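First comes the structure, then the notes that go with it.
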Amino acid sequence: NGFVPGGRTPPSLPSLPIIGSLLSLVTDCPPHIFFQQLQKKYGDLYSLMMGSHKVLIVNNHHHAKEILMKKGKIFAGRPRTVTTDLLTRDGKDIAFADYSSTWKFHRKMVHGALCMFGEGSICIEKIISREASSMCDMLTETQNSVVDLAPELTRAVTNVVCALCFNSSYKRGDAEFEAMLQYSQGIVDTVAKDSLVDIFPWLQIFPNKDLKILKQCVSIRDKLLQKKYEEHKVDYSDNVQRDLLDALLRAKRSSENNNTSTHDVGLTEDHVLMTVGDIFGAGVETTTTVLKWSIAYLVHNPQVQRKIQEELDNKIGKDRQPQLSDRGNLPYLEATIREVLRIRPVAPLLIPHVALQDSTVGEYAVKKGTRVIINLWSLHHDEKEWKNPELFDPGRFLNEEGDGLCCPSPSYLPFGAGIRVCLGEALAKMELFLFLSWILQRFTLGMPTGQPLPDLQGKFGVVLQPKKFKVIAKLRAGWEKSPLTQHC
Ligand code: HEM
Ligand code: PLO
């Protein structure tokens, strides 16, 4: 029944078979906050039943690290659910695929391809800077009016990942881009959030609004992926590797020429499509979400914004654009990014893990097949580890002199850890640094007088997104007729 007989079992919620599905009914709280509150009654490690599945909820960093790092391989599984199976053709991607040799092969390959863009021929810094520049041009046009920055931020981030995956980009108002925005939001709203169908798969036979939306959105996404795939096949060459899709096509071809490895890893067309879909989806939704949270917090904390601008003025000035090589010289901006990732983690419950064999966590026995939810929210808001956890204070990541970074607590894992650690960490950090430094070098973000500040609660889903808000981006003194923005 989930835990090894004879071993000590963790405290368990009363075994209501429907507790999982009732989470949203018994409380107004989103699950990460509800799970955090349950600690008061059950301690920081406890279990509950979701339908027929035993789920272990982990709320402290010692247990989290034991699971993700020390016993990473044992807990490297992923549950199969109705919604993620629909999104990924039964787990033929990376993020929602169970542990297997195919998964290992895919992950390694994509990791290699992403590394290549770092130093390789396709310079990621150039791509990001191009998008940052065009975004700044846009902001200059709309300055002094109240605007929702989300569409432009999303387009900039999408174009970076588009360049990586497909060697293409979108212009403003592009119909395909607008369609992408819509289907992707539909997927974020409906996939992998332990909705009723994921807990009771038999509910699929009844009409279900969310499931219908998910199916429609996935079908639109699949058509787009298929189109990109067909286009690539036409002008593919073994000698040039333009992007991630080329790298996947090459791996597929070479595995087809080698029967043993095809048999071992089974790299099918579906795998290629789903893997590129993963990177594209993760690449867009995560970074955009962090940029939106950053802007919301900067508008709430003008003193933080001023400090970043002072740092930018001192270290970079007005005569050149920020570059990746400035990262080490801008500790306050870096600390701000870290603080945003702490206070509003993109994936507050990570992606669920599954025990692949009988094991233990702390003093408790855990049985094979148990689902494990790491509550990153609890780790990042643990009062034993963080002073005033709900306070937005980038200073907590700075050393005493205030001129270097520090890690004030081990209870901090915004990208997860271990063998399922985020594949896009390096890319995301480059983007966050460059986009934010470009924007804040030129603009001050603010709220029109009388308007309420952005909501900071967020909307729980597969990523924790802020609600829509509008701001004013004002050109800073000395940038009004900047030659820099016009030339890039
Ligand atoms: C997985 C965070 C950006 C690709 C994850 C996980 C987290 C995470 C918490 C789950 C780890 C686990 O289940 O233990 C973030 C954050 C980002 C970000 C905070 C931005 C600031 C990206 C980007 C990409 C990406 C830009 C793609 C280029 C992935 C993939 C996985 C993953 C493929 C699944 C890994 C696996 O299951 O093996 N990310 N991510 N992420 N991320 Fe990210
Ligand atoms: C976002 C919507 C896309 O249309 C599909 C997609 C693919 C990969 C998912 C991503 C979505 C959300 C964020 C996820 C990512 C894989 C890893 C990442 C879950 C659903 C995180 C933060 O764990």
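Each reported figure results from applying straightforward, stated rules to the coordinates on display, with no laboratory input. Because the structure is a prediction, the values reported are computed rather than measured. Because the Cβ atoms are built from the backbone with ideal geometry, glycine has one as well, and the counts that use them run over all protein chains shown.
Evaluated at q = 0.15, 0.25 Å⁻¹, a Debye calculation over the C-alpha positions of the stretch 435-477 (equal weights, vacuum) places log10 I(q)/I(0) at -0.52, -0.92. Shown in residue order for the stretch 461-467 are the 3J(HN,Hα) couplings computed by the Karplus curve 6.51 cos²θ - 1.76 cosθ + 1.60 at θ = phi - 60°: x, 5, 10, 8, 9, x, 6 Hz (x for Gly and Pro).
Peptides 415-423, 149-157 ordered by packing proxy, namely the average of other Cβ atoms within 10 Å per residue, highest first: 149-157, 415-423. In this simple spin-label model, placing a label point 7 Å from the Cα along the Cα-to-Cβ direction at both Val240 and Lys171 gives a separation of 2.2 nm. When peptides 123-136, 426-439 are sorted by average Cβ neighbour count within 10 Å, with the highest value leading, the order is 426-439, 123-136.
Over the chain, one equal point on each Cα, no solvent: what is log10 I(q)/I(0) by the Debye formula at q = 0.06, 0.07, 0.11 Å⁻¹? The calculated log intensity ratios at q = 0.06, 0.07, 0.11 Å⁻¹ are -0.28, -0.38, -0.98. Take the Cα of Asn257, go 7 Å toward its beta carbon, and none of the backbone nitrogen atoms of the stretch 85-116 fall under 13 Å from that spot. For the stretch 377-392, the Karplus equation 6.51 cos²θ - 1.76 cosθ + 1.60, evaluated at θ = phi - 60°, returns couplings of 4, 4, 4, 7, 10, 6, 5, 6, 9, 10, 6, 6, x, 7, 7, 7 Hz by residue, with Gly and Pro reported as x.
With the simple spin-label model, which puts each label point 7 Å out from Cα in the Cβ direction, the Ser12 to Cys115 separation comes to 4.4 nm. Close amide H pairs (under 5 Å, H built 1.01 Å from N) link Val366 with Val4, Ser359, Thr360, Val361, residues at least 5 positions away or on another chain.
Hey, got the dipole for the stretch 313-431? About the Cα centre, +1 on K and R Cβ, -1 on D and E Cβ, debye to the nearest 20? Intermediate results must be reported in sequence, preceding the final value.
Values: 15 positive and 17 negative charges, 108 e Å.
For this selection, approximately 520 debye.
Cross-link pairs exceeding 19 Å between alpha carbons, from the set Lys108/Lys292; Lys292/Lys459; Lys104/Lys252; Lys92/Lys292; Lys292/Lys470; Lys108/Lys228: Lys108/Lys292; Lys92/Lys292; Lys108/Lys228.
In the stretch 242-353, the C-alpha radius of gyration followed by the widest Cα-Cα span (Dmax) gives 20.9, 61 angstrom.
Hey, with R₀ at 35 Å, roughly what FRET efficiency would Lys387 and Val146 work out to, going by the Cβ-Cβ distance, to 0.05?
Working from the Cβ atoms, E equals 0.50.
Between Ser12 and Ser47, the built amide H atoms are under 5 Å apart, and every one of these is 5 or more places off in sequence or on another chain. When the square roots of the Cα gyration tensor eigenvalues are ordered a ≥ b ≥ c, the ratio a/c for the stretch 61-176 is 1.5 or more and a/b exceeds b/c, which makes its shape prolate.
Within the chain, which whole H helices from DSSP have a Cα span along their axis of at least 15 Å and a mean Kyte-Doolittle hydropathy of -0.5 or more, if any? List each step's numbers first, then the result.
Values: long enough: 31-42 (16 Å, -0.88); 101-119 (28 Å, -0.19); 124-142 (27 Å, -0.04); 150-166 (22 Å, 1.11); 175-190 (23 Å, 0.01); 209-234 (38 Å, -0.88); 244-256 (18 Å, -0.21); 269-300 (47 Å, 0.55); 302-315 (20 Å, -1.85); 331-343 (18 Å, 0.23); 425-442 (26 Å, 0.78).
TM-like helix candidates: 101-119, 124-142, 150-166, 175-190, 244-256, 269-300, 331-343, 425-442.
Give me the net charge of Ile374's neighbourhood, meaning all other residues with Cβ under 14 Å from the Cβ of Ile374; Lys, Arg count +1, Asp, Glu -1. Taking every other residue near Ile374 into account, the sum is +3.
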